[in-house]
Structures are given as C-alpha cells and as structure tokens.
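Student: Let me begin by handing over the structure; questions about it come next.
The values are calculated or read from the model by the stated rules, or taken from the named source; none is laboratory data. As the structure is a computational prediction, the values presented were derived from the model and not from experiment. Cβ: placed from backbone, ideal geometry, glycine included. Neighbour counts: every protein chain shown. To get the accessible areas, we keep the full protein, side chains included, count just its heavy atoms, and leave off ligands, DNA and RNA. Shrake-Rupley method; radii C 1.70, N 1.55, O 1.52, S 1.80 Å.
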Amino acid sequence: MRRMRVLACAAVALLTTAAAGTAVGGDVARGVPAPAASPPLGDDYFTSSEMERGLPAVADLPAGYTVADGSTDVGFATSNPCSFMPSDFPNNTTVVSRTYAHRSGARLTIDIVASGSTSARETVASTAAVPRTCPTVTDIDDIRRNSPLPVPSLGDASAGMISVTESPHHPPQRRYSAVVALGDVYVGFVETDGDQARFIEVVKAGTRTADKVDDPPSATDLERALMTTADLPAGYRPADDSVENTRDFFTETKCDGTPVDYGTPATFVHRTFTKGSGGPTIRVAVGTAERAVDLIGAISSRQGTCGTDTELRLPSTDLTTRAGIVYPGLPVRARAIFVYRDVFTQILATTPDLTGIPEIEKIIEKGWLSKVFDVYYPDSPERQRLHAWGLSAPATSPPPAGEYYTSVELERGLPAAADLPAGYTVAPDDDELGRFSPCDFLPAAFPDDATIASRTFTHRGGTQLTIVIVAAGSASAREAVARTAAIPTTCPDVSQMYQWRTNTRLPLPALGDASAGVVSVTESPHDFTTRIYSAVVAYGDVYVGFVETGGDQARFVKAVEAGVRTARKIDGPKRYGRR
C-alpha cells in the first residue's frame, strides 16, 4: 500500500484574496490563516473517509456478524495487553473503527490507524513481543495471561496474541488480538469470547478489505466537488455537458497555437453552466490528478514565454500546485486549476469581455475552490455547517464586541431560578462548564469579539447547570447550532488517556431560529460514569448555550425551553438585524 501523495497542505485561506500566478510544487506556505472552510490538519497519510473504505462490510466477514449498535468498543489501538488500563491513540494519526456483534455473543472491533509505515511495523513488533515481555499481568484480584496467536503471513508484517483474564468476580474472558501492517497504516483486530479459527478468517478478510484504503476517489466522491447553481451568482443554469467538450480540460496550446493533449485522467466528472444568451459560461471538472501536474507545468511555461496572457487572480491558499491564466482574444477565456492530495479541480470560463473577469474570480474564491475538500471530508463539522446554512466568507467584517448587544442587555435574557423547573438555585458562575466541548476534553473558546453573559445554577438533586448567552451575529449563532448538530456524526466517540466519551443526539423541540442538543457520556475506571446534557439555540444575533452535568433529560429540555423564553427579554431590534 503506497503512501498518499500529499501535494499541498490542508490549511487553505479562502477568506482573503491576493494576486497569485502559477506555482508548481514547492514548500507549503507558512503563516496563512486557516478559515472555517479548511479541512482538518494531520491527515498526511489518509483521511478518515478514505480509511472507512477499508473497514469490512458484514458480507466481507464470516457468517454471523452484524454491525453492533451503540458506541464502538475499545479496539486494538487503545487496548493494552500489558495493563488493565487502556492506552490512548498514537499521536498524529487518523483512526477509524467499527464494532461488530456475532450471533454467538462475541464482540469484534476492527481499527485502521494511519501513522506511517515505521509506526505500523513497530506496532506489529511490539505485539509479537507481548507474550515474552509481559506474559502475566495482575491487578488486585484479576490476572491476565498473554500467549502467542499463530496468524498467517499478511501484509508487510503481522502478529497475534491470546489474552485470558481470570477473576474471582466473573468467568474467565478470552480475547483474541491481531495486527497487520500495510504500508502507512496498520489494521488491528480484537474479539472477545470468539472462536480462534473464525477470528483468523476475520483477520484475513479484514486485511483484504483494508487494501481499499488506497483506492483512488470514485466518481461519486469526485461529484461532491462539482459546483451547483447554488454556488453561483443568480442567473446561471445548467447547460449541455457533452463528452466531446471535455478535451479542452486536458489540452493547452503552445505560443504558436499548436494544441497539446495531456491525456485523460482515470476518473473525472464535469459540469457546465451558462448565464443568459451570449453571457458567460462556467465549466468545471474534478478528477484524479495523475495528468494535472504536467498540464499545470504547460500553463506555467506558456505564461513565461508567450507574453500575450494575463494573470487570473487566485485565492490566497496553501495549495501551491496550481495555475491561473486569462487567454488573449474575444470572447475572453480564463482557466484555474488546483491540485489537492490526489485530486485536481479545474474551472474553464468564457465571458464576452474582460469586464466579466471579476465575477469569475469571485466564483473561484467563494463558490468553487473550497468544494474540493468535500472529496475527502464529506462529513467534517466545518463542511456540514457551511452546507447546512449556505454560509460563505462574510462580505464585511463583523461589528466589534458590544455592537450586537451589551453585557447588561444580555444579562436581562438570563433566567432567574424561578423561571426554571423547580429545584434550581443560583450558584457561583462556572465558566469552564459553560465552555464544555463534547469533542474534546478541554474547554472550548467563544468567538472572538463576542459579548457574553452567563449564569450557573445548582439543582437540589446535586446537578449543575450553566446557561451562556453569546452575541456574535446571526451567522455565528447558526454556525454554533450546525456544529452541535453534527457532533454525533463527526465525533461520536472521543478518548483521552483513561477516559472515553460517547456523544449521541439529544432530541429537542423546534426552538428559536435553529436548535440542537447532545448527550455526552464519559466513562473512566477511576470515577463514576458522568452524563452531560448540552444544547444550543440560535435566536437572531445571539445563541443560548446550556450545559448540565448529570440531571434528568426531560428536566433539562424544560430548562432549555425556559431559557429560550427568557432570552427574548434582550432588548431589540438592533441595527445589526435583531428581529
């Protein structure tokens, strides 16, 4: 399995523009701010969407397995055979996991971890050494015995072990584990109370399907990066998109007018839009990038030698394998092409004259370039929130703090104890609880330049509730809701050291402009299980956040409803659109 060719850094500055010509290869630019639309960092080998292709379907496994309901069990990547405490994921890795249940009662978890070929082989070597380095492990009354599990020669290297845990408090538990190194990833398998022969068949099947991680993006993947009319200014409509017209995407002319065909990529998709009779035409294509670098080089050569072309302004970005050009003559033709990971995205535009170029440059910045990330990050919270609310870079800077509401006005919207369900009293403010982040074990930060008011309550049942009102504008409020709604999909399971958190959706009534909630259950061997309810409601230029540790779900929902009602006491309308 090859290492993913990373042609550019993942952080892209799409919110600002600067004059940019052709750049091929080179070091990634430093210090460029990453906007909301940037994909996550750290996927130098494979992204999670690529790796999920390598997790086996039920049909790929021996008979009797189904995908398990609920959260993912502790898998190979976080199990520690030499201790009764789980380990954390390796640093700088991308990890995907899936748990299966067998009709016999056995539980199987398969992890794919992308941490580099050296790490993958080291993981196999350390697993092979376990029966020798820690054959017996004890913890108070429990004892675990580790012995080798013979596995066939798979991938670049493979190893397995059998761990039997005995305890006076429950019957012995037998766990089969195996790991296979495949290039820059390793595949881990853990099954509890299964059958040894069947487990070996699982390992062989899981290794075969893991090869799909390396598959190039499919046409379906690529289509996510194509623009629609929603990404274009008003007036554009779909047009004829015949195959005969696609050669222009892969052809460049020399200075003497001789066309050079740089070949068709293995997979590509395309789409065409027009605006009125005789108006501009926008054609977009997305495909695998094996031919794109040569094409970009030809554009660069033409710009450097012909002397008749002008530069198409491109967004300031860390994607350095790119080109932008405006050709001479009428009607005016312009081309922009970028490469991200193993994919190119290209736009060919025709406009009656040069006055149409600014609109084309705006389309490139606002509607086109960021969509290439959807090939690899279809479910990232940043992409989901942008798509959910139709957001793009703001046309103007947001007002400074206090321009939406002052802190005095916001405090009028905080409920008194009498506004909440019975049993609450006001308590000292807990800022950290109000900044609870379901996807992290560290407090979240509020938006820059926001005005904030908060109040904490305790309930006679021993729980604690914090309500925060944040004024940062309607776009920020809706983004907060979209980000919260995406959490059960984008980070259903979070772990750190000896803590595991499961995030699931909290059903809420329709409140304010938009609302979403999450139930976060955190488990630790040192503490009792902690249940945290959180919710956010957008209301004009503010959003109201609610976080309660423990408590009763139905009562929490009533507290959210009460808090939204009292939030209406904030004075309005304001000059920035408060309704």
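Student: Past 27 Å, Cα to Cα, is the threshold; run K212/K371; K254/K366; K275/K366; K275/K362 against it and keep the listed order.
Tutor: K254/K366
Student: State in Å² the accessible area per residue of region 474-557; use a 1.4 Å probe, count heavy atoms of protein chains only, and round to the nearest integer.
Tutor: On a per-residue basis, 40 Å².
Student: So, one more: If I compute solvent accessible area with a 1.4 Å probe over the protein chains, what percent of it on region 134-251 is carbon and sulfur? Walk me through the numbers on the way to the answer.
Tutor: Values: 2710 of 5370 Å².
About 50 percent, which is the carbon plus sulfur part of the accessible surface.
Student: Let me ask you something else. Leaving out ligands, DNA and RNA, what percent of the accessible area of region 517-567 is carbon and sulfur, probe 1.4 Å? List each step's numbers first, then the result.
Tutor: Values: 900 of 1800 Å².
About 50 percent, which is the carbon plus sulfur part of the accessible surface.
Student: Tell me the net charge near P135. Cut-off is 13 Å between Cβ atoms, P135 excluded, with +1 for each Lys or Arg and -1 for each Asp or Glu. Spell out each step's value before the answer.
Tutor: Numbers: positive: R132, R144, R145; negative: none.
Residues near P135 contribute +3 overall.
Student: What does the extension gain come out to for D142 and R103, with contour length at 0.36 nm per residue minus their alpha carbon separation?
Tutor: 11.3 nm is the gain from fully extending D142 to R103.
Student: Separate question: Write down the radius of gyration of region 482-570 and its Dmax, each obtained from C-alpha positions, in Å.
Tutor: Calculated on Cα positions, Rg and Dmax stand at 14.0, 44 Å.
Student: Taking only protein heavy atoms into account and a 1.4 Å probe, give the accessible area per residue of region 222-333 in Å².
Tutor: Accessible area per residue: 45 Å².
Student: Provide the gained length on full extension for the span D419 to R565, in nm with one decimal, where the gain is 0.36 nm per separating residue minus the Cα-Cα distance.
Tutor: Length gained, D419 through R565: 51.7 nm.
Student: Here is a further query. Dividing the convex hull volume of the alpha carbon atoms of region 470-519 by its residue count, what do you get in Å³ per residue? Walk me through the numbers on the way to the answer.
Tutor: Working: hull volume 4.5 nm³, N = 50.
Roughly 90 Å³ of hull volume per residue.
Student: One-quarter of the Cα convex hull surface for region 448-495, in nm²?
Tutor: 5.2
Student: Going by Cα centres, region 540-571 and region 131-182 are how many Å apart?
Tutor: 48
Student: So between K204 and V408, what do we pick up on full extension, going 0.36 nm a residue minus the alpha carbon distance? Please report the intermediate quantities before stating the final value.
Tutor: On the way: separation 204, 0.36 × 204 = 73.44 nm, distance 6.44 nm.
Stretched fully, the K204-V408 segment lengthens by 67.0 nm.
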